[in-house]
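**Student:** One structure, pasted below without further comment.
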Amino acid sequence: MPAQHPAEFLRALLEASSEGIIALDAGGRVALWSPGAERLLGWSEAEVLGQPAPAGLDISVPSEGEPDVQLARKDGTTLDAALRVVSWRDGAGVVRGTVAFVTDLSQRRAMEQELQQSRDQFQIERRFRRLLEAAPDAIIEVDRAGRIRLVNRVTERLFEYDREEMLGQPVELLIAEDLCAKHVHHRNQYWRHPTTRPMGSGLALEGRRKNGSRFPVEISLSPVESGDTFYVTAIIRDVTERKRVEEQLRVVQEKYTRELTAANRELGLRNEEIERANRLKSEFLASMSHELRTPLHTIIGFSELLEEQLKGPLNDDQKRFIGHIHRDSMHLLELINEILDLSKIEAGRLELKRETFDSHTAIEQAVATIRPHAEAKSIRLETNIVANVTIDADPLRFKQILLNLLSNAVKFTPKQRHIHVGAALRDGFLEVSVTDTGIGIAKEDQRAVFDKFRQVGQTTKGVREGTGLGLAITKELVEQHGGSISLESEPGKGSRFTFTIPAVRTKEEQIQEASRS
């Protein structure tokens, strides 16, 4: 370049520079204002040349480095810039002023932001790719034309195609041949109303491998908008193993259903046989009880006649023999009556002949009946009947309940002890308790005392007596009256049996209840 044109060369450099270059003389007046400074700050060279630097443009002192600053423009806006200020020296080294270089940071920052966005986008895509490849299911993306745009590693493994063999190909490549036409129709229908379809939506679908083999799959679809077009992301799951397990479960369930049906049928037949056997047993017991009672009444009647000595006197041995016959006959009659009651209860033929009567009198009568047996063992029999309660019950069965409990109390209470009978009105029920001071019942045996043909303890004589039906019949009679029976007992201290029978409300009680409601 010719040396005789330094001014033109300088002017060309100033115009070509994207930076703003400003020079101030020693008096702070503008000695140089480049075209770049005019573009960045807005003032023309004619406006500032020879004038003090515009307000806000402090470049009179050299700076260290290139600090970021905000400079005022002519239009009142600010410019984010990097400002570097150096001393202006002449050929002799004398400082003649300062020179400032102004760099617009907006473009740099825009580029940096764009670069950062690119980096972020790269990281996002990288993470997406990692997630895509780490997914346990096959994932593909299909465009509107039905061509595959994206696949993951599982897709390659599942369908046995390389990635390059699938990309750009119709998605029907992965579908059984006989289903392709139907799939194209469904795909076109789907694009009219693209919606998310969850996995396992009830469709029976099959995939096709590269070798032509087919396998069951479940697919979820998700439409994805990108710009002006849509894509569909499909997640494909191989359900071969699940189908195999489901088929095994179905076979097992069918097998057990057949076995259970057969077992239920057999159980039903056995139940019918048991019911028939129970019915025959009850009929037999009822028939035999009636047959046994007829001659037994004859024995009892003649033994009583003999005891009256109407046909002549008896010696002491004869009297003793007749007493044994009469006593054991009465005991046998009691046993037969219990068996007959049980057969009626089991057959559902026991009828209660209900009457309204005074419970106090009925209890006293039962106690009077059992008192001689208690006195024979020097047992003191006490009563405490708090209220005179009217009940609606079968008088004969009510007395039978009391006699069963009282006779048991006498049977299991040692000599010279006592038995207590109490009665009170509680919550609309007559509550009767029979408490003895006998041998008691162990806790583990208390549940069995009301079972049929069960005797959980021995009498005070050391032997078992009776059929073991008394308490079972007593429980049935109480419950048929609408009441309940319970037991409290402790070995060596005695037992307390308590039963309830619904009480009859008086007219005054009915009126009071109606007024409360």
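**Student:** Among the residues of the stretch 19-39, which ones are farther than 17 Å from residue 88 by Cα and either among the hydroxyl-bearing types (Ser, Thr, Tyr) or open to solvent by 20 Å² or more (accessible area, probe 1.4 Å) (or both)?
**Tutor:** Hits for the stretch 19-39 are 19, 35, 38, 39.
**Student:** Checking the condition in a helix (DSSP H, G or I) and in contact (Cβ under 8 Å) with a residue 12 or more places away in the chain, which residue from 149, 109 passes?
**Tutor:** Every option except 109 fails the conditions.
**Student:** Quick test of your reading of the structure: residue 58 fulfils all but one of (1) in a loop (DSSP other than H, G, I, E, B); (2) touching a Gly at 6+ places or on another chain (Cβ under 9 Å); (3) open to solvent by 70 Å² or more (accessible area, probe 1.4 Å). Name the failing condition by number.
**Tutor:** Of the numbered conditions (1) in a loop (DSSP other than H, G, I, E, B); (2) touching a Gly at 6+ places or on another chain (Cβ under 9 Å); (3) open to solvent by 70 Å² or more (accessible area, probe 1.4 Å), the odd one out for residue 58 is (2).
**Student:** Just to verify a result, which residue in the stretch 412-452, among those that are acidic (Asp, Glu) and outside any loop (DSSP other than H, G, I, E, B), is nearest to residue 482 (Cα to Cα)?
**Tutor:** So the residue we want is 431.
**Student:** Here's a check for you: in the stretch 334-369, which residue that is of a type in the set (A, V, I, L, M, F, W, C) and at pLDDT 90 or above is farthest from residue 425 (Cα to Cα)?
**Tutor:** 368
**Student:** Give the number of residues within the stretch 127-141 that are closer than 19 Å to residue 219 by Cβ and either assigned to a strand (DSSP E or B) or more than 38 Å from the chain's Cα centre (by Cα) (or both).
**Tutor:** The total comes to 4.
**Student:** While we're looking at this one, here's another question. Of the residues 428, 440, only one is small (Gly, Ala, Ser), surrounded by fewer than 16 Cβ atoms within 10 Å (Cβ to Cβ) and over 15 Å from residue 370 (Cβ atoms); which?
**Tutor:** Working: 440 fails: surrounded by fewer than 16 Cβ atoms within 10 Å (Cβ to Cβ).
Just one listed residue meets the conditions, 428.
**Student:** What residue, of 113, 121, is open to solvent by less than 100 Å² (accessible area, probe 1.4 Å) and either more than 30 Å from residue 37 (Cβ to Cβ) or of a type outside the set (Phe, Trp, Tyr) (or both)? First the steps, then the outcome.
**Tutor:** On the way: 113 fails: open to solvent by less than 100 Å² (accessible area, probe 1.4 Å).
It is 121.
**Student:** Same structure again: Here are some conditions: (1) modelled with pLDDT under 90; (2) assigned to a helix (DSSP H, G or I); (3) more than 20 Å from residue 421 (Cα to Cα). Residue 479 meets all but one. Which one does it not meet?
**Tutor:** Evaluating residue 479 over (1) modelled with pLDDT under 90; (2) assigned to a helix (DSSP H, G or I); (3) more than 20 Å from residue 421 (Cα to Cα) leaves (1) as the failure.
**Student:** Show the residue pairs that are 6+ apart or on different chains and have beta-carbon atoms under 8 Å apart, the first residue being within the stretch 316-328 and under 14 Å from residue 298 (Cα atoms), the second being in a helix (DSSP H, G or I) and of a type in the set (Gly, Ala, Ser).
**Tutor:** Going by the 8 Å Cβ cut-off, the qualifying pairs are 322/303; 325/303; 326/303.
**Student:** Can you pull out every residue in the stretch 48-74 that is under 17 Å from residue 33 (Cβ atoms) and of a type in the set (Asp, Glu)?
**Tutor:** Scanning the stretch 48-74 gives a single hit, 58.
**Student:** Which of the residues that make up the stretch 40-54 are without any contact (Cβ under 8 Å) to a residue 60 or more places away in the chain, surrounded by 13 or more Cβ atoms within 10 Å (Cβ to Cβ), aliphatic (A, V, I, L, M) and over 18 Å from residue 86 (Cβ atoms)?
**Tutor:** Within the stretch 40-54, 48, 49 qualify.
**Student:** Can you tell me which residue in the stretch 152-184 is farthest from residue 224 (Cα to Cα), limited to those that are of a type in the set (Asp, Glu) and not in a helix (DSSP H, G or I)?
**Tutor:** 160
**Student:** Let me ask another. Of all residues in the stretch 397-419 being under 52 Å from the mean Cα position of the chain (by Cα) and not hydrophobic (A, V, I, L, M, F, W, C), which is surrounded by the fewest Cβ atoms within 10 Å (Cβ to Cβ)?
**Tutor:** Among those that are under 52 Å from the mean Cα position of the chain (by Cα) and not hydrophobic (A, V, I, L, M, F, W, C), it is 400.
**Student:** Answer yes if at least one residue in the stretch 86-96 is out of contact with any helix residue (DSSP H, G or I) (no Cβ under 8 Å at 6 or more places or on another chain), open to solvent by less than 50 Å² (accessible area, probe 1.4 Å) and over 13 Å from residue 23 (Cα atoms), and no otherwise.
**Tutor:** Yes, the stretch 86-96 has at least one match.
The values are calculated or read from the model by the stated rules, or taken from the named source; none is laboratory data. These numbers were taken from a predicted model, which means no experiment stands behind them. Cβ sites come from the backbone with ideal geometry, for glycine too, and all protein chains shown count toward neighbours. Just the protein is used for accessible areas: all its heavy atoms, side chains included, with ligands, DNA and RNA removed. Shrake-Rupley method; radii C 1.70, N 1.55, O 1.52, S 1.80 Å.
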